[in-house]
């Protein structure tokens, strides 16, 4: 009798144990071989700034093109995964959830008028009425409605507003990103036209960017966040405006190759300024 009781007890314990294990596995399902987790992290603190230590500064506007190979990390993956999202998906989700404030576009690129997620999407959705002709007899004309929905994959550029400054306490030329602006590329009458969507504060976005990971082509075990990409300057860009008396962009006084050369001249001037402060 005791023998049968022991066998039945062992079977019941085994079944309960397997059920609990199966439930645990289902609730914590992972698809990697060592269980990468994504703990919440705080952004790395930036250097403290004292007004008395800033002996020189200049504001620069630059643009990142996602089509460049080094910048493709901002565009992919197109479809969000559990371990990675594209940059614009990250930002739009944060605006939608109220974690990030979007600001309307203005002539001074200042963060003044807040925008809601619905306002951003609504501006990009378009309804047009067109007249078309049937391709079969009697070839009569008819009116139809074409609805253009917002397509986040058309956002292929990112504008950055940043301040370069020389800190005499550290004897360093440093940079501080102030704000960012996604840019969508739209096709109007057969031509591609760029349109800025909204500005947002980089400081406000840092906690979100620090917890969103991007693909690291060199080492999948060494994860990079979008905040790491900006802090370590792991992107390529070109300058389209510097702070000036007339508040004009480079494209307003230089075109084509001349505009690119002017942007490179401004870039080199930032490097030369720091170098010329020292005597060897």
Which condition from (1) touching a strand residue (DSSP E or B) at 6+ places or on another chain (Cβ under 6 Å); (2) modelled with pLDDT under 90 is the one that residue 197 breaks? (2)
Would you be able to tell me the number of residues in the range 96-115 that are within 15 Å of residue 179 (Cα to Cα) and in contact with a helix residue (DSSP H, G or I) (Cβ under 6 Å, 6 or more places away or on another chain)? 2
Looking only at residues in the range 70-82 that are touching a helix residue (DSSP H, G or I) at 6+ places or on another chain (Cβ under 7 Å) and part of a loop (DSSP other than H, G, I, E, B), which one is modelled with the highest pLDDT? 78
Subset of the range 41-63 (residues that are without any contact (Cβ under 8 Å) to a residue 12 or more places away in the chain and either in a loop (DSSP other than H, G, I, E, B) or farther than 28 Å from residue 240 by Cα (or both)): 45, 48, 52
Cβ-Cβ under 7 Å pairs, at least 6 apart or on other chains, the range 87-107 side without any contact (Cβ under 8 Å) to a residue 60 or more places away in the chain, far side buried (at least 20 other Cβ atoms within 10 Å of the Cβ) and in a helix (DSSP H, G or I): none
Could you grab me the full set of residues in the range 95-114 that are outside any helix (DSSP H, G or I) and in contact with a strand residue (DSSP E or B) (Cβ under 7 Å, 6 or more places away or on another chain)? 100, 101, 102, 103, 104, 105, 109, 111, 112, 113, 114
Name the residue that is nearest to the chain's Cα centre (by Cα), counting only residues in the range 83-94 that are assigned to a helix (DSSP H, G or I) and crowded, with 20+ Cβ neighbours inside 10 Å. 87
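The values are calculated or read from the model by the stated rules, or taken from the named source; none is laboratory data. These figures come from a predicted structure and were not determined experimentally. We place every Cβ from the backbone using ideal geometry, glycine too, and count neighbours over all the protein chains shown.
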